[in-house]
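The values are calculated or read from the model by the stated rules, or taken from the named source; none is laboratory data. Quick caveat, the model's predicted, so the values are computed rather than measured. Glycine gets a Cβ as well: all are built from the backbone with ideal geometry, and neighbour counts include every protein chain shown. Note: areas computed on protein heavy atoms with side chains; ligands, DNA, RNA excluded. Shrake-Rupley method; radii C 1.70, N 1.55, O 1.52, S 1.80 Å.
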Amino acid sequence: MRIIVTGAASGIGRAIAERLLADRHQVVALDLRPVDLPEAECHTMDQGDPASIDRALAAIAGPLDGLVNSAGLPPRPGNEALLLRVNLIGLRHLTEAVLDRLTPGGAVLTVASRAGHAWRENLPQARAVLRLGWGDDVAGFCTRGGIDALRAYALSKEALILWTRQMTAPLIARDLRMNALCPAAVETPLLDDFARLQSADSIARNAARTARMGRVADIAPVAAFLLSPESGWIKGEALALDGGLAAMAECEALGL
């Protein structure tokens with residue numbers, strides 16, 4: 001298979017790209033930063049810039065069998081609007097362009113997050129942010145909604161989970177499919193950004209409950225499976241990769 005992997009310079013995106021290469025697939029690596037993967041076809045792309053996305057895709061010739069959406073920004077104070085443009089608007093722009101180039105049976109896999117688990121409870125806001133496009137006042141949307149950096153990150157992931165589910169039926173008609181992965185905290189360079197904005201006790205408590213932090217090695221094999229024909233009956237799912245946090249939270253909420 002020939003698969004685009006965004007965010008392939010580091011973290012989860014790099015781990016997925018490396019796993020796919022190890023499995024003898026062809027990888028087209030996209031990132032804002034240089035990608036040090038000699039076996040991959042590499043292109044520079046700024047997911048916050050539609051022209052940059054279009055240039056990168058125009059430079060990629062030939063058929064494609066899959067797309068991994070792993071590029072994204074962490075929450076940092078003041079980057080709320082940029083985060084939504086990169087993590088959601090740019091991601092959708094790229095995905096919609098790639099869908100038209102995928103071979104029958106092709107798969108899209110988006111790295112969402114456990115931070116998006118409350119998408120049902122926040123459905124009106126998730127729907128609203130999905131309506132935003134490049135020309136819209138994203139900063140004003142954040143101001144009016146009282147959306148800080150942490151909320152912008154969670155909202156982007158809620159919207160991606162909602163969108164993944166909404167795309168199920170339209171993609172079945174095209175012999176394509178889309179799924180999402182929802183990791184809890186994973187040991188990557190982005191973890192420090194969350195630690196600065198969240199309670200250190202909360203992060204430590206969750207790590208203690210699951211016996212350890214997540215690792216990129218926990219994510220990459222699952223991603224490879226969800227891109228493979230063997231997983232062809234899995235469609236529109238948002239799979240929790242959180243060491244059991246979602247199950248424990250649900251049991252607590254149900255009094256079990």
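What is segment 76-187's relative contact order, in percent, from Cα pairs under 8 angstrom and six or more apart in sequence?
46 percent
Considering only C-alpha atoms, what is the centroid distance from segment 11-66 to segment 118-169, in Å?
26 Å
When N is the residue count of segment 73-139, what does its C-alpha Rg come to as a fraction of 2.2 N^0.38 Å?
Cα-based Rg divided by the globular estimate yields 1.25.
Positive end of the charge dipole of segment 60-105 (Lys, Arg +1 and Asp, Glu -1 on Cβ, about the Cα centre): tell me which of 64, 86, 105 has its Cα farthest that way.
86
How far apart, in nm, are the 7 Å Cα→Cβ label points at residue 212 and residue 22?
A separation of 1.5 nm, rounded to one decimal place.
Using a 1.4 angstrom probe on the protein heavy atoms only, could you order 218, 137, 242 from most to least accessible area?
Ranked list, largest accessible area first: 137, 218, 242.
Per the helix-only calculation at 222 nm, which mean residue ellipticity applies to the chain, given -39500 (n - 2.57) for every DSSP H run of n ≥ 4 and division by its residues, nearest 500 deg cm²/dmol?
-12500 deg cm²/dmol
With all protein chains present, how much of the accessible area of the chain (probe radius 1.4 Å) comes from carbon and sulfur, to the nearest whole percent?
Whole-percent figure for carbon plus sulfur exposure: 54.
Can you tell me the equivalent ellipsoid semi-axes for the chain? Use √(5λ) from the Cα gyration tensor, largest first, whole Å.
Three semi-axes, in Å: 26, 22, 19.
Roughly how compact is segment 12-108, stated as its Cα Rg over 2.2 N^0.38 Å to two decimals?
1.08
For the chain, what does the accessible surface come to per residue with a 1.4 Å probe? Please give it in Å².
Per-residue accessible area for the chain comes out at 46 Å².
Å³ per residue of the Cα convex hull, for segment 99-251?
On the way: hull volume 21.9 nm³, N = 153.
Per-residue hull volume (Cα only) is 143 Å³.
Relative contact order for segment 8-162: what is it in percent, counting Cα pairs under 8 Å that are at least 6 residues apart?
Worked out over segment 8-162, it gives 23 percent.
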